[in-house]
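In what follows, a structure is listed as structure tokens, so that the remarks can point back to it.
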Amino acid sequence: LQNLIRERQTAVQIAWTREFLKYFGTFFGLAAAVLTTGAVKRKNPAVLLPMLPLSFVFAYQYDMGYGTLLQRIKGEAENILDTESTLLEFPKGPLTFEDLEKIRISQSNIATEK
């Protein structure tokens, strides 16, 4: 059940990215045309500088929506699980029944004091 929910959430994320890309792509194209025209008219290539960060955003969104970004993320996550599992451990180890009981008792004490 959790896997089905995760798959649906991922599908919605990809769909959202593709929809966003349509709008951002239009903005990016218009900005590129306007900035290029401005750079040519003013004979100043520095006018094109805003295109640099915009191109990174566009490339990321494209990779997320139509490229292999999610596959690379999945591969890296699998690599972490296989080779660096110590990074995934909870501080002070896993929760025990005793830990949960201490939390429950302290919360019930707080509730009765009010």
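The values are calculated or read from the model by the stated rules, or taken from the named source; none is laboratory data. Just so you know, these numbers come straight off a predicted model, no measurement behind them. FYI the Cβ positions are ideal-geometry reconstructions off the backbone, even for glycines, and counts take in every protein chain you see. Calculation scope for accessible area: heavy atoms of the full protein, side chains included, ligands and nucleic acids excluded. Shrake-Rupley method; radii C 1.70, N 1.55, O 1.52, S 1.80 Å.
In segment 46-66, which residues are more than 19 Å from residue 9 (Cα to Cα), in a helix (DSSP H, G or I) and in contact (Cβ under 8 Å) with a residue 12 or more places away in the chain?
47, 48, 51, 54, 55, 57, 58
Could you tell me which residue of segment 1-49 is surrounded by the most Cβ atoms within 10 Å (Cβ to Cβ), considering only residues that are of a type in the set (S, T, N, Q) and under 16 Å from the mean Cα position of the chain (by Cα)?
Per the stated criteria, the residue is 17.
Quick one: how many residues across segment 54-80 are among the acidic types (Asp, Glu) and closer than 25 Å to residue 32 by Cα?
The number of residues fulfilling the criteria is 1.
Restricting attention to segment 41-74, which residues are in contact with a helix residue (DSSP H, G or I) (Cβ under 9 Å, 6 or more places away or on another chain) and of a type in the set (Val, Ile, Thr)?
Passing the criteria: 47, 57.
Can you confirm whether residue 61 is under 15 Å from the mean Cα position of the chain (by Cα) and open to solvent by 80 Å² or more (accessible area, probe 1.4 Å)?
For residue 61, the condition - under 15 Å from the mean Cα position of the chain (by Cα) and open to solvent by 80 Å² or more (accessible area, probe 1.4 Å) - is not met.
Just the residues that are assigned to a helix (DSSP H, G or I) and open to solvent by less than 80 Å² (accessible area, probe 1.4 Å), please, taken from segment 67-102.
Once the filter is applied, which keeps residues that are assigned to a helix (DSSP H, G or I) and open to solvent by less than 80 Å² (accessible area, probe 1.4 Å), segment 67-102 yields 69, 70, 75, 77, 79, 80, 85, 99, 101.
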